[in-house]
1. Applying the selection to the range 1-18, what residues are part of a loop (DSSP other than H, G, I, E, B) and within 15 Å of the chain's Cα centre (by Cα)?
2. Taking the condition modelled with pLDDT under 95, surrounded by 11 or more Cβ atoms within 10 Å (Cβ to Cβ) and under 19 Å from the mean Cα position of the chain (by Cα), does Q72 pass?
3. Looking at the range 56-64, can you tell me whether even one residue there is acidic (D, E), part of a loop (DSSP other than H, G, I, E, B) and modelled with pLDDT under 95?
4. Name every residue in the range 52-75 that is touching a helix residue (DSSP H, G or I) at 6+ places or on another chain (Cβ under 7 Å) and of a type in the set (V, I, T), in order of residue number.
5. Can you give me the number of residues within the range 19-36 that are in a loop (DSSP other than H, G, I, E, B), open to solvent by 80 Å² or more (accessible area, probe 1.4 Å) and either of a type outside the set (D, E, K, R) or touching a His at 6+ places or on another chain (Cβ under 8 Å) (or both)?
6. May I ask you to list the residues in the range 32-55 that are hydroxyl-bearing (S, T, Y) and at pLDDT below 90?
Amino acid sequence: MIAFRKPVAYVHGDSHYFRIDRPLLDAQGRRLENFTRVETFGDNQGNGNNDVQWVKALVDPHSRDVFAFQAQIVPANRTAVPAP
């Protein structure tokens, strides 16, 4: 990853908690700024929480970061408390 020296986006739906972060560190504990993790929203029907949304990925090869991400909320799937 360090030798690649270009932006990398890793998109997955592991525990289904929406987050965008840069979790990797090098051997000296410095953050790898070229690696972005995107964990998507998930369906947790086991507890009645149908929090299924989606994430828009934007790619701009002229931007320093190349990738940008926007949460897209499906109104019928909102489970926010209090409801808007």
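1. Hits for the range 1-18 are P7, G13, D14, S15, H16, Y17, F18.
2. When the stated conditions are applied, Q72 does not pass them.
3. no
4. Residue satisfying the conditions is V52 alone.
5. 2
6. Across the range 32-55, the qualifying residue is only T40.
The values are calculated or read from the model by the stated rules, or taken from the named source; none is laboratory data. Note that this is a predicted model, so its numbers are computed, not measured. When we count neighbours, we look across all protein chains shown, and the Cβ atoms used for this are built from the backbone with ideal geometry, even at glycine. The accessibility values were calculated without ligands, DNA or RNA, using every heavy atom of the protein model including side chains. Shrake-Rupley method; radii C 1.70, N 1.55, O 1.52, S 1.80 Å.
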